[in-house]
Amino acid sequence: MPEQSFEEFIRQHRSEFEQPGPRPALWDKLEKELVPQKKGKVLQMLGRNWLKVAAVLVLVVNTFVIFQFLQMKKQQQVAVVSPELQEAGIYYTSQIEKRLSEINAYPPAVVGLDSATRKELELRNDTYKVLEAELIQNPGNERIKAAMVRYYQLKLDLLDKILDELREKQPVKQKQSNYEREM
């Protein structure tokens with residue numbers, strides 16, 4: 001078959017070589033299926049990184065639990081190291097809390113204490129925590145036990161002085177119960 005006859009054969013039978021393509025509606029349907037449905041960005045990130053998110057969540061929960069456990073163990077160690085100090089701590093703690101509640105009964109303008117001073121008056125500040133840590137490291141050291149008791153006493157003395165000054169400035173009006181008013 002010469003070259004010219006081959007070309008002529010193709011021209012004559014061209015319509016037989018061409019096949020009709022799919023209709024346009026089918027192409028639209030296929031294109032819609034190819035385009036992925038968009039999810040929210042957060043869901044897409046979680047979908048791809050769910051294992052990482054789960055691992056971080058487990059680490060955070062474990063850290064919190066370990067921290068709570070260590071705090072509880074530390075408090076138990078002080079009780080085990082020195083039971084008599086624990087009894088003194090309970091007594092002084094109740095007295096300090098009582099005086100702090102009396103101070104808080106006054107209006108803040110009368111008290112005149114800034115937030116840093118109020119924080120320092122709280123029961124377990126940095127000084128107490130240092131003494132507590134030292135007692136755990138040196139359980140038999142009587143000087144540390146005496147320092148902790150002295151800490152409580154100084155805190156009580158300071159609160160008593162503040163209360164005395166407040167009582168001089170403005171006495172707190174005691175609320176009377178209905179029963180006391182009827183008498």
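The values are calculated or read from the model by the stated rules, or taken from the named source; none is laboratory data. This structure is a prediction, so every number in the text was calculated from the model and none was measured. Counting neighbours? That spans all protein chains shown, and the Cβs are built from the backbone with ideal geometry, glycine included. To get the accessible areas, we keep the full protein, side chains included, count just its heavy atoms, and leave off ligands, DNA and RNA. Shrake-Rupley method; radii C 1.70, N 1.55, O 1.52, S 1.80 Å.
Would you confirm whether any residue within region 156-173 is modelled with pLDDT of 80 or more and more than 18 Å from Ile103 (Cα to Cα)? Checking region 156-173: not a single residue is modelled with pLDDT of 80 or more and more than 18 Å from Ile103 (Cα to Cα).
Selection within region 138-158: residues that are in contact (Cβ under 8 Å) with a residue 60 or more places away in the chain and more than 11 Å from Ala88 (Cβ to Cβ). The member of this set that is surrounded by the fewest Cβ atoms within 10 Å (Cβ to Cβ) is Leu156. Note on region 122-137: among residues that are open to solvent by less than 60 Å² (accessible area, probe 1.4 Å) and not in a helix (DSSP H, G or I), the one that is modelled with the lowest pLDDT is Leu123.
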